[in-house]
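Step one of this worksheet: look at the structure below.
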Amino acid sequence: MLSSNALSWASAEAQSLAREVSKISSVSYFDDVQLSDALLAGQAQAACLIACSDMGAYLPYVCSDPTVKLHVFQNFGHSCLAGGVFETMAYTAIEHFIVYGHFDCRYAKDRDAELLEKDPSLREELERYNVLRELRTFADNATGLPLKNLKLHGWVHDKRQGHLQIFDPGLCAFVIAKSPQSLS
Ligand SMILES: [Zn+2]
């Protein structure tokens, strides 16, 4: 199915990773409003979100209602292997896990400098690529965790355009968040 919303891939490497991540059965589209609504209405008991530390303390589009159980982690480059993430997943019934990246990420540029040199077409989508790679890393490392109801989601904040991009495995691409509130 084609969607006018789907952001096309410039790099074959990124497209190939998107295909791979789309096959992970727990990966699904889930935007910021769906997450807030699910937590506030009690349809989801708890969620975990991991963002990059250079996004700063204020994370746009992330539910900040003090009554919901949303575990937020931040480290350099939204790494799920950093302290606390897997421990939280092991002892809390998390239903949604979100990797939240952002454009102009210093981490992504530093980490993948060599890759960018080899494949300059990756430059504009490096952060999307990074988020997908982290979802794959999580899925590869989470096999021992009791996660039967867990859904995985990938988000990227595009500050320049002022919108949120969500990975849609059905389209094998990121799309601009569907919810109208996301665009305000
Ligand atoms: Zn960053």
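The values are calculated or read from the model by the stated rules, or taken from the named source; none is laboratory data. Just so you know, these numbers come straight off a predicted model, no measurement behind them. Heads up, the Cβs are rebuilt from the backbone with ideal geometry, glycines too, and the neighbour counts pull from every protein chain shown. Note: accessible area is taken over every heavy atom of the protein model, side chains too, but ligands, DNA and RNA are not part of it. Shrake-Rupley method; radii C 1.70, N 1.55, O 1.52, S 1.80 Å.
What does the accessible area of residue 151 come to, in Å² to the nearest 10, when a probe of 1.4 Å is used?
80 Å²
Of the candidates 159, 118, 69, which one comes out as most mobile in a Gaussian network treatment of the chain with C-alpha springs shorter than 10 Å?
118
Beta carbons within 10 angstrom, averaged per residue: use that to sort the peptides 57-65, 12-20, highest first.
Ranked by mean Cβ neighbours within 10 Å, highest first: 12-20, 57-65.
PRE reach from residue 140 (point 7 Å along Cα→Cβ): which of the range 8-44 fall under 18 Å by backbone N?
Residues 13-27 fall inside that zone.
Measuring from label point to label point, each 7 Å out along Cα→Cβ, what is the residue 172 to residue 121 span in nm?
Between residue 172 and residue 121, the label points sit 1.4 nm apart.
On alpha-carbon atoms, Rg over Rh for the chain using Kirkwood Rh?
Dividing the radius of gyration by the Kirkwood radius yields 0.93.
With a 1.4 Å probe and all protein chains in place, put 167, 30 in order of accessible area, largest first.
These residues rank, largest area first, as 30, 167.
When ligands, DNA and RNA are left out and all protein chains stay put, how many square angstrom of accessible area per residue does the chain have with a 1.4 Å probe?
Counting only protein heavy atoms, the per-residue value for the chain is 49 Å².
Below 8 Å, C-alpha to C-alpha, sequence gap of six or more: please give me the relative contact order for the chain in percent.
After rounding, I find 33 percent.
Round to the nearest 10 and give me the degree value, 0 to 90, for the angle of helix 12-22's Cα axis relative to the longest principal axis of the chain.
20 degrees
Starting from the 7 Å offset along Cα-to-Cβ, what nm value, one decimal, do you get for the label separation of residue 160 and residue 64?
Here the answer is 2.6 nm between the modelled labels.
Using alpha-carbon pairs under 8 Å, 6+ residues apart, how would you state the relative contact order of the range 68-174 in percent?
33 percent
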